[in-house]
Amino acid sequence: MVVLLVALTFAAFLLLNWYWLRSHGKHATTTARIGHTPNHAHGRGDDTSLLFHPGHTWVRLEDDGTATLGVSDVVAHMAGRLATVDLPAPGEKMLRDNKAWALNSANGRNLAQTMPISGTVIAVNDAVRRVPELVLDDPYGKGWLLKTTVRGLGAALRHLQGGSGARARMDQIRMRLATRLQPALGHAALDGGTWVRAFGDELDDLQWQQFKDEILGAPEDQVTVTPHTVRIP
């Protein structure tokens, strides 16, 4: 009986400890070799004002009727250490599912993403052009990419997801891909619930392409919507 009580007490302690770790976003694994991405007090990926597109871009609808757009932390770190970010010019009309921007890594890899909404570009983040690694350091805050008008919001909202649904989807992708990456990297791909900084640089070309196909869709799944569209490589 005493042994049973001790076992139950120990199990309860483990359960409480697990809940505390989960609630505070801690993770027992450390990845000192390549570091980790800090959680910022502002611009968090779990910000309830963010709406996520399946193409791993995000939209924040502003009070003045405009929108701010950016890239998810998963894609930001998959791209690796960035050399440049290609952005459209202010005044350019953008259509949902057409090319939005491209992240160009220091090792020569290019990752293009499509627009989550339609609208006209009213501002671009020149700070990201000067310091591309802002996208890595703060993808939901200082690393924003575009500000646009919003056209056809009702149709766009059918393709966007926010709140607990978006967080659950991101968590599923995070854990599934972290499991896949672990054998390749030799250590966990996550630390403290965030992606390891620029982990894409740790993957060879084949692994990187497989990872990209996993989260953005294989090339045969990527549809050219109009002649203006640039097909994602």
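The listed residues are Thr48, Thr66, and the only one of them that is more than 25 Å from Leu203 (Cβ to Cβ), of a type outside the set (A, V, I, L, M) and either under 13 Å from the mean Cα position of the chain (by Cα) or at pLDDT 95 or above (or both) turns out to be Thr66. Can you name every residue in segment 118-137 that is touching a residue at least 40 places away in the same chain (Cβ under 8 Å), closer than 14 Å to Val150 by Cβ and not hydrophobic (A, V, I, L, M, F, W, C)? Hit for segment 118-137 is Gly119, nothing else.
So, in segment 183-214, exactly how many residues are aliphatic (A, V, I, L, M), at pLDDT 75 or above and farther than 20 Å from Asp138 by Cα?
Matching residues across segment 183-214 total 2.
Here Arg167 meets each of (1) part of a loop (DSSP other than H, G, I, E, B); (2) at pLDDT below 90; (3) basic (Lys, Arg) with one exception, condition (1).
The values are calculated or read from the model by the stated rules, or taken from the named source; none is laboratory data. Since this is a predicted model, take the numbers as computed values, not measurements. A quick note on method: Cβ atoms are made from the backbone with ideal geometry, for glycine too, and the neighbour counts reach across all protein chains shown.
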